[in-house]
1. Which residue of chain A is nearest the rotation axis onto chain B, counting by its Cβ, and what is the distance in whole Å?
2. Sum -39500 (n - 2.57) across every DSSP H segment of at least 4 residues in chain B, then divide by the residue count to get the 222 nm mean residue ellipticity, nearest 500.
3. Give the relative contact order (percent, whole number) for segment A:376-453; include only Cα pairs under 8 Å separated by 6+ residues.
4. Put B:HIS416, B:HIS166 in order of accessible area, largest first, 1.4 Å probe: what do you get?
5. Report the B-A buried area as the accessible area lost on both sides summed, probe 1.4 Å, in Å² to the nearest 100.
6. Relative to the isolated chain, which residues of segment B:1-23 have their accessible area cut by 10 Å² or more in the presence of all protein chains (1.4 Å probe, heavy atoms, no ligands or nucleic acids)?
7. Can you list the residues of segment A:405-444 whose accessible area drops by at least 40 Å² going from the chain on its own to the full set of protein chains, with a 1.4 Å probe?
8. Using the alpha-carbon centroid of each, what span in Å lies between segment B:269-314 and segment B:346-407?
Protein chains: 2
Amino acid sequence: MTTKKFLLQEKDIPTAWYNIAADMENKPRPILNPATKEPVSEEELYPLFARELARQELNRTEAWIEIPCEVRDLYKVWRPTPLVRALGLEKALDTPAHIYFKNESVSPVGSHKLNSSLAQAYYCKKEGVTHVTTETGAGQWGAAMAYAAKAFGLELAVYMVKVSYHQKPYRRSIMQTFGAQVIASPSMSTKAGRKILTEQPNYQGSLGTAISEAVELAIQTPNCKYTLGSVLNHVMLHQTVIGLEAEKQMEMAGEYPEVVIGCFGGGSNFSGISFPFLRHRLKGGKALRIVAAEPESCPKLTRGQFQYDFGDEAGYTPLIPMFTLGHGFAPAHIHAGGLRYHGAGAIVSQLRKDGLVEAVDIPQLETFDAATLFARTEGIIPAPESSHAIAAALREAEQAKLEGKPRVILFNLSGHGLIDMAAYDQYFAGDLGNHRLSDEDIRKNLGELEQIL
Amino acid sequence: MTTKKFLLQEKDIPTAWYNIAADMENKPRPILNPATKEPVSEEELYPLFARELARQELNRTEAWIEIPCEVRDLYKVWRPTPLVRALGLEKALDTPAHIYFKNESVSPVGSHKLNSSLAQAYYCKKEGVTHVTTETGAGQWGAAMAYAAKAFGLELAVYMVKVSYHQKPYRRSIMQTFGAQVIASPSMSTKAGRKILTEQPNYQGSLGTAISEAVELAIQTPNCKYTLGSVLNHVMLHQTVIGLEAEKQMEMAGEYPEVVIGCFGGGSNFSGISFPFLRHRLKGGKALRIVAAEPESCPKLTRGQFQYDFGDEAGYTPLIPMFTLGHGFAPAHIHAGGLRYHGAGAIVSQLRKDGLVEAVDIPQLETFDAATLFARTEGIIPAPESSHAIAAALREAEQAKLEGKPRVILFNLSGHGLIDMAAYDQYFAGDLGNHRLSDEDIRKNLGELEQIL
């Protein structure tokens, strides 16, 4: 557990978020109104999102968006987060690679999700919104949104994917302690929930279904907006504080990453750590590889199709250009609940299509092997989601060792796993399995997609 | 959740621990060999503790003990910890008091306990020890010792109080993830455990019993030492890094505390935050009040007797001069498992006797009320133990409001409660009660004590 930390001062917290869409040669395709197949306007997004968030969602011209003082002040509660050279891990691996991780687990709710929830709650409050809804998988986003809603005095209802509601009862309790309402999804409280429960009474939920329920409630509640923890462009935007800090910290370490890795669900932490580095490559600057680490049970970037698809299961959202497994896809019940989502956000999908982003899919057991080694050498028990990034980093370090060459690896430790210990218990007991998605299941789900692209 | 943080640099981590015994006019009474009633020598402690720890335990002359580089390097993983002005809490209370807290919850295991476990593991390793044993209540100490044992390559067996083993399964999992053996206490693996299980088959354990089991295993295992998370002088010593940092940080804030508060089990975090401030008062310097916050179910400092007593239930330890409820006392099953201990350490007990330390006992429900308010205003969910300090701070702030005068309050947030969410669930469901210890129960337990003082 010999680690080396690179620490910034409060004044080094970024003052602006980085909007990669402004620098992309091939812009992300527009999101479409499903009825007209026409691009959605800012105004059409107002019923769902705060106006400023709708503006940010469609902004393809300004590379830098100023962070409001009120949000930056709250970032100071835990930011800047440490960058750590994982010397203990390197030693255990006996690798010539240098492994760094950005430690986003130090936030009060234990993950990076607060970077966006505070921004979303701030804009809602500023525009007079009183109620917000959202969905959550493992509960990292829900906990962060509950914290942010309390900070800005908003009432919050969270639809939590049912399998996680039972797997991770402590995250439900955390949300409730911060004053949020938590409902297991699918629920009887929405049309979308009732429909799927009628068709499949034992359905254990997915992020897609939970989003449908949260959207439905937001639209039907006065003075209420919907908030989302990933997938959307404005969420990626807010998360870039991670990579912007990491860039300065790598400079302090006197190295530049050859590969930057994030686990991948909808793209929030992955984009946050990687976009600020990628911007130099987009401008012809330093080359580096960007790797998204997916579960092999939910491999949209590695094995999905680039196509317009809904962001939710019921089809309430606009059509998003995404690498997708189909919005009706119900992922296996892996413990990395935050990665159980059928599609990738529009920006990452475009970058993937253009060959600027790589992806690997990783079996569940490999992620827990990696997590346990990391805990025992670096002293931090990682979230099952983040363990995908660790596993991918270990593969890179192993490759460096095989080649007998150094390699500078940076990954994002998006969150800690202290609330996920039941998963570790099952792992140690030998009760966890892998859940590779079959080609047949992929074909089946994609077959139902309308072909627009 | 508007907070103001006071941050130190790595170079500000103390280079020496503060040994208050050197500055006390009335030294703590010696610990005694129960057979001879003679003071225990350093050598007599060697079978139990690493030699340097035995030396520290009896040291009454040197006020400053240098922190070994190897320990200080590991402190750097999370230290210095923040001092926070709780502006959100002050606002909610509408109090003229200024409330500060030292945030020890940011350590990788979520509490202050790592300050001593790393030191103890270091000295054991340095002296060639290969195996260590310990006990734990709620699991904060056990998790910290598991981390430290892994950091220094020691094998660890932890006896965890049975009621906590079931109340806090995630802390057990954390210890196991770090590679420790965890046994619910009382167990059949020791004579002490078998005896109490024979007499009371459904006994749910106490720290006193768990200590007996850990001591017994240590003595019977080759090359093995026992480690303890509280009560002993050398543990208090290691914890003084908390107060030494806080002193510098209060200076940054431009204020000096009028009252310093810590929750109280055996005394580790309480001593850590308060002794460095108390040293000025001992030398005739600045006046301030020091308050220990106890559960009303386990009120040794408020309602116990100052007397020689065993540190454990079976009577394996030397006799310690302590405020005690009797070593056979089985505390109620409150969620603050770390405070369920019958006695106070020798130094705090002497300070209490000399009127240098105050104590308050607090009902369980008041601590959860305080914890919930703290979570919703400061964004950190506190451990049930730490919530006793918060509740005591709220009483002080309320008093300041009644008097219409400012008051500078400092308390130690010893740990977060993310692993204690089941307790919060019970609280919100109305399933928690108070467990005030009756005078009769106190008399009964104390009646069995041999009167030496």
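The values are calculated or read from the model by the stated rules, or taken from the named source; none is laboratory data. A quick note: this is a predicted structure, and the numbers were derived from the prediction, not measured. Here Cβ is always computed from backbone atoms with ideal geometry, including for glycine, and neighbour counts include all displayed protein chains. The area values use the complete protein model at the heavy-atom level, side chains included, leaving out ligands, DNA and RNA. Shrake-Rupley method; radii C 1.70, N 1.55, O 1.52, S 1.80 Å.
1. Here the value is A:LEU418, 3.
2. Helices in chain B give a 222 nm mean residue ellipticity of -12000 deg cm²/dmol.
3. 34 percent
4. From most accessible down to least: B:HIS166, B:HIS416.
5. Using a 1.4 Å probe, the pair buries roughly 3200 Å².
6. Buried by 10 Å² or more upon assembly, which counts only protein chains, are B:MET1, B:THR3, B:LYS5, B:LEU7, B:GLN9, B:GLU10.
7. In segment A:405-444, residues shielded by partner chains: A:LEU418, A:MET421, A:ASP425.
8. Centre-to-centre distance over Cα atoms comes out at 14 Å.
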